[in-house]
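Working notes, structure below.
Laboratory data are not the source of any read-out in this text; all were calculated from the coordinates shown. Keep in mind that this is a model prediction, so the values were computed, not measured. Cβ: placed from backbone, ideal geometry, glycine included. Neighbour counts: every protein chain shown.
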Amino acid sequence: MSITIDDDQVLQALSAMQQRSIRLQPAFKAIGEAMVASTHERFQEKEAPDGTPWTPLSETTVERKGHDRILEGESGQLARQIHYETNDDELLWGSSMIYAAMQHYGGEQSEFPHLWGDIPGREFLGVSSDDRDEVLDTLSLYLEGGL
């Protein structure tokens, strides 16, 4: 089956959409801003992208830290150090803090002897179902020329 379009306006719209699909950085910037905001919300809600609540701090950790605030540390830097980078081919977002992976994935004291106990993973990076909808909406809007 073949469809031939002989309409200048439709052809121009298709050509413009094709050109925008080559230069995705503007859409990725909008998505990056949304993912950083969504990640900050996860710190407020204390939950993973799938809505699972983070594991509470152990009694030992609460005693050592003097508070029960999860992933806030003494400085709160982890939540503040969420950034994104983008170009026309990719979008990356995450934390520049050296301990971010340990907090996200967790770790066992047997593998990391400097820990005072096991650290459960508390996933803070990722795409929730609401994030997914926002990404799709942003991409559609961008490809249609509305962004």
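Note on Gln18 and Leu143: their simple-model spin labels are 1.5 nm apart, each label 7 Å out from Cα toward Cβ. For the chain, relative contact order (Cα pairs under 8 Å, six or more residues apart, normalised by length) works out to 31 percent.
The string of couplings for the range 14-20 from the Karplus curve (6.51, -1.76, 1.60, θ = phi - 60°) is 5, 5, 5, 5, 4, 5, 5 Hz, one whole number per residue in order, with x for Gly and Pro. Between the helical axis of 129-143 and the longest alpha-carbon principal axis of the chain there is an angle of about 30 degrees. Full extension of the segment from Asp133 to Glu90, taken as 0.36 nm per residue of separation minus the current Cα-Cα distance, would add 13.6 nm. For the range 66-147, applying the loop criterion from DSSP together with a ceiling of 14 other beta carbons within 10 Å to the GluC sites (Glu not before Pro) yields Glu74, Glu90, Glu108, Glu111, Glu144.
Rounded to the nearest 500, the helix-only mean residue ellipticity at 222 nm of the chain stands at -14000 deg cm²/dmol, with each DSSP H run of n ≥ 4 adding -39,500 (n - 2.57). Can you tell which of Trp93, Gly76, Ile119 lies farthest toward the positive end of the dipole of the range 57-124, using +1 and -1 charges on the Cβ of basic and acidic side chains (Lys, Arg; Asp, Glu)? Final value for the positive-end residue is Gly76. Once the Cα atoms are used to define both axes, helix 25-45 deviates from the longest principal axis of the chain by about 30 degrees. Among Gly94, Gly51, Gly66, the largest mean-square fluctuation in a Gaussian network model of the chain, built with springs joining Cα atoms closer than 10 Å, belongs to Gly66. Near Glu47, the amide H atoms lying under 5 Å from its own belong to Trp54; only residues 5 or more places off or on other chains count, and H is placed 1.01 Å from N. One equal scatterer on each Cα of the chain, no solvent, Debye formula: the resulting log10 I(q)/I(0) at q = 0.15, 0.16 Å⁻¹ is -0.83, -0.90.
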